Protein chains: 2
Amino acid sequence: MARTTEDGTGRIPAPDGTAAPAEATPEAPAAPQREPSQRGLSRRRLLGASAAGLAGLGAAAAGGYVVADARSGARSSGSDAAAAVPFYGVHQAGIVTPAQDRLHFVSFDITTTSRADLVDVLREWTKAAERMTAGEAAGDTGAVDGPIEAPPEDTGEALGLPASQLTLTIGFGPTMFDRRFGLAARRPPALVDLPAFPGDALDPARSGGDLAIQACAHDPQVAVHAVRNLARIGFGAVAVRWSQLGFGRTSSTSRDQATPRNLFGFKDGTRNLKAEDSALLEEQLWAAPGDGAPWMAGGSYLVARRMRMHIETWDRTPLSEQQAIFGRFKGTGAPTTSVDADDNEFDDFEFDTVTGASEPVIAMDAHTRLAHPDQNAGARLLRRGYNFVDGSDGLGRLDAGLFFLAYQRDPRKQFIPIQRNLARSDTMNEYVKHVGSAVFACPPGVRKGGYWGDTLFT
Amino acid sequence: MARTTEDGTGRIPAPDGTAAPAEATPEAPAAPQREPSQRGLSRRRLLGASAAGLAGLGAAAAGGYVVADARSGARSSGSDAAAAVPFYGVHQAGIVTPAQDRLHFVSFDITTTSRADLVDVLREWTKAAERMTAGEAAGDTGAVDGPIEAPPEDTGEALGLPASQLTLTIGFGPTMFDRRFGLAARRPPALVDLPAFPGDALDPARSGGDLAIQACAHDPQVAVHAVRNLARIGFGAVAVRWSQLGFGRTSSTSRDQATPRNLFGFKDGTRNLKAEDSALLEEQLWAAPGDGAPWMAGGSYLVARRMRMHIETWDRTPLSEQQAIFGRFKGTGAPTTSVDADDNEFDDFEFDTVTGASEPVIAMDAHTRLAHPDQNAGARLLRRGYNFVDGSDGLGRLDAGLFFLAYQRDPRKQFIPIQRNLARSDTMNEYVKHVGSAVFACPPGVRKGGYWGDTLFT
């Protein structure tokens, strides 16, 4: 019934470069990072072993992590999808972690003016994040075992659900570095306010934020539960500014993952930066000590854009035009310069190839040409976006699109020039509109005993 | 790589009473209901076998249904979650079908005034629904194999994804029976306009509709794809009025399913009508020929209510009060009248039990007492609701709640009196607000060669 992962620890292997084992950080102990017996019981355990008919569960939970529940139904496939992703490491999890299927992203306004209160929230959040990413309740006493006269320390809707590869990733917005908390001098040079791009139609209610948390998991209920409990814990110090669910990932961040499709029906993220690209990650993803903000070393910068897609218009566009915009075949994802469309998704683009009429096969204003590193001084992004549908827009259309998330070492050299290029010329602009925008500095990973952002506050 | 279900057909067993095998319907042929080779290739097949490295796929697709894709990632668990649910049957699928994990519900306004056009859409929709529920593209030529000068017959984002137990269930709203289509005389007596209930705060933009389709699947991308393609096919005759995604089921409709939790953190639907309750289903779920609308025999009436939950307030409520409102223990779901809280979720409520102070253990205004069949002349519902989070509300709170869906034989005897009872007295009303409402007559299942609603139009 209760399963653990192959190595018996209930954890998936740490991907290259993310959430590295504690041994990789000299300051962290080499001993196992978690002792479940010291921090209360798993969500599953709280139900009482007899309720689940899992007589052996206590032992299983003590020896590792309960990562699956035979009674929880068809929530995810394979034991990996239910497993826990390590919370501690040199980098935050949720960046090069293989992209999970579902997203809940939340941006907060800080409502307190007390730096000490803000640090308290970050400390409390760190504890809760460590617990929830391990598949445990948000607080020690959980949803049902605390004093009955008090509100529970967990909201309960994830009781019985496994960790589901939940990752929680925090980011700090430019506005956190205003005068309120004495952080102005520590604002990283790379954390610039994004410029206005041609065609932007940004809704302030879906943009910005002092703080953000990206919750990714294979079970959306687990991601929603995490965001809700962090908001609950932060009550009085932070308030939700905006939040976005994503139902399907649109990028792979590991070579082990198949390339998913966006709502244009095309494979997305074929050429994405991936966890295995170690040298490129150092060059393009992770902030370095010499980048002007030593506290950000090992962190990364996140650009979030809510891109509304005019899918009804797209759906009335000929296949030829769709493929011309992408420069790829819709079925296989192969570049349209590939002779054989089969199985060539990972072929290089041959941008110099011309037709018999001496026109470039991949047009000068094709999306993939304009976004390609060759057109952008080698700049690349680690994309981690999600498809969304948020009901309809009152005009007979679905409010659908792509919630674009991209991590990078320096938006000034990566997202901003690439997006300038696209905003100016991309033929895809007829079908997309950027309606939300935000940028965040995501600090390095947390060491055991530390807290989210401690390199900034100490 | 490519898997089929245990019986090799790629279908899950038909649950008792729903989507019965063709043999159960005298008019339908006893031969296999589908011949895939006659209606184009599966979504998977369209990619080209070589692209997926599935050399044997052609044969597999011809012999049954390809129900899983080893490359599609962790989208669902077990072979069943990927399988196809039969589309044809005496009842529509998606009612007593074991509730899938994800929902996309859409309500349409009919924009044509031509009855013939409306029937054309229903015929086209039926063909597409049959195909998509089998894991195929919406149209014969799919997303990539049609003429390149034309818009594709499928939008493509589900290419490579299995059927994922997709069900598509249609319903007709009261407004469809106005003068436009000559249907006024055929409006079922049970399809009443819902009365205003105390506390209702209904948004017209999230209420009503001439037509609705409920898409349920284990993969949300498959459900979204289906709704989008039906909207695409209906363009010019129907327009999306409102739409709602649900990320987690809140009811079981089969005894084989574990009871899930709503966003109050409580198990929901423990006492739900279930597929196995054959006699009760005849009595409480399915419309009968003598009910006043013979065309509805074998159909059912659906009430949809968008219930916003004030989860932030709830989360500051003591566990004792939460449990008093539900009359159940939060952990196990057992009635608070059960002596041992363990493992007694399915215990009967002992409404007459009193405390030492002679107060009823389950208060007179507890939700479960007021909603119980004993308090409602035996009336029951088949609930099929979903948790939702639609971003935030601009006031620092998540826009979260329960999208309540309930099927029944006659809302006049079931939903309406139960909801009157609840709206008047339920202590839960402090934490929920009904912000959307609709009612639909869901016609009986389709026979092969027929179309959705053909008993109404012929």
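The values are calculated or read from the model by the stated rules, or taken from the named source; none is laboratory data. Since we're looking at a predicted model, the values are computed, not measured. Positions of Cβ are generated from backbone atoms using ideal geometry, with glycine treated the same way; all protein chains shown enter the neighbour counts. All accessible areas refer to the heavy atoms of the entire protein, side chains included, with ligands and DNA or RNA removed. Shrake-Rupley method; radii C 1.70, N 1.55, O 1.52, S 1.80 Å.
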Practice item. Measure up A:LYS274/A:LYS413; B:LYS274/B:LYS433; B:LYS274/B:LYS413; A:LYS267/A:LYS433; B:LYS127/B:LYS448 against 22 Å on the Cα-Cα distance and list the ones that go over. Key: B:LYS274/B:LYS433
Point to revise | Sum of side-chain charges, B:VAL435 neighbourhood, beta-carbon under 10 Å (Lys, Arg +1; Asp, Glu -1) | key: +2
Exercise for review: Can you tell me the relative contact order of the stretch B:186-269? Whole percent, Cα pairs under 8 Å, sequence separation 6 or more.
Suggested key: 18
Revision key, fill the gap. With B:TYR407 itself left out, Lys, Arg at +1 and Asp, Glu at -1 over residues whose Cβ is under 10 Å from its Cβ give +3
Exercise for review: Please label the shape of the stretch A:351-418 as rounded, prolate or oblate, based on the square roots a ≥ b ≥ c of the eigenvalues of the alpha-carbon gyration tensor (a/c under 1.5 means rounded; beyond that, a/b larger than b/c means prolate, else oblate).
Suggested key: oblate
Review point. Label-to-label distances across copies for B:ARG180, with labels 7 Å out along Cα→Cβ, in nm, shortest first?
Key: 4.9
Practice item. Give the long-range amide H neighbours of A:GLY445: residues separated by 5 or more places, or on another chain, with amide H under 5 Å away, using H modelled in the peptide plane at 1.01 Å from N. Key: A:HIS91, A:GLN92
Practice item. Pop out the ³J(HN,Hα) list for the stretch A:119-135 in order, Karplus 6.51 cos²θ - 1.76 cosθ + 1.60 with θ = phi - 60°, rounded to Hz; leave Gly and Pro as x. Key: 5, 4, 4, 4, 5, 5, 4, 4, 4, 5, 5, 4, 5, 5, 5, 8, x
Point to revise | Rg to Rh quotient for the stretch A:120-195, alpha carbon positions, Kirkwood Rh | key: 1.14
Point to revise | Electrostatic dipole magnitude of the stretch B:417-458 [Cβ: Lys, Arg +1; Asp, Glu -1; Cα centre; debye, to 20] | key: 120
Review point. Hey, got a sec? Which trypsin sites (Lys or Arg not before Pro) in the stretch B:263-357 land in a DSSP loop and have at most 14 other Cβ atoms within 10 Å?
Key: B:ARG316
Check your understanding: What nm distances, shortest first, do you get from the label point of A:ALA357 to those in the other copies when the point sits 7 angstrom along Cα to Cβ?
Key -> 8.6
Review point. For the stretch A:271-379, what relative contact order do you get, as a whole percent, if you take Cα pairs closer than 8 Å and at least 6 residues apart?
Key: 15
Study note, to complete from the structure: Interface buried area A-B, accessible surface with 1.4 Å probe, both sides summed, nearest 100 Å², comes to 6000
Review point. According to the square roots a ≥ b ≥ c of the eigenvalues of the Cα gyration tensor, what is the shape class of the stretch A:209-344, taking rounded for a/c under 1.5, prolate for a/b larger than b/c otherwise, and oblate for the remainder?
Key: oblate
Review point. So, with +1 on the Cβ of K and R and -1 on the Cβ of D and E, and no other charges, what is the size of the charge dipole of the stretch B:103-261 about its Cα centre, to the nearest 20 debye?
Key: 620
Revision key, fill the gap. Gyration tensor on Cα atoms of the stretch A:237-303, a ≥ b ≥ c root eigenvalues, a/c under 1.5 rounded, else prolate if a/b beats b/c, else oblate, says oblate
Check your understanding: In nm, what does the list of distances from B:ASP393 to its counterparts in the other copies look like, shortest first, when each label sits 7 Å along Cα to Cβ?
Key -> 2.6
Point to revise | Net charge, B:PHE235 excluded, C-beta distance under 12 Å - Lys, Arg +1, Asp, Glu -1 | key: 0
**Study point:** Surface per residue (accessible, 1.4 Å probe) for the stretch B:155-246, Å²
**Key:** 28
Review point. Any idea what the dipole of the stretch B:201-303 comes to, in debye rounded to 20, about its Cα centre with Lys/Arg Cβ at +1 and Asp/Glu Cβ at -1?
Key: 460
Revision key, fill the gap. Counting only DSSP loop positions in the stretch A:271-364, the chymotrypsin sites (Phe, Trp or Tyr not before Pro) whose Cβ has at most 15 other Cβ atoms within 10 Å are A:PHE346
Study note, to complete from the structure: Carbon and sulfur atoms account, in whole percent of the 1.4 Å probe accessible area of the stretch B:367-458, for 46
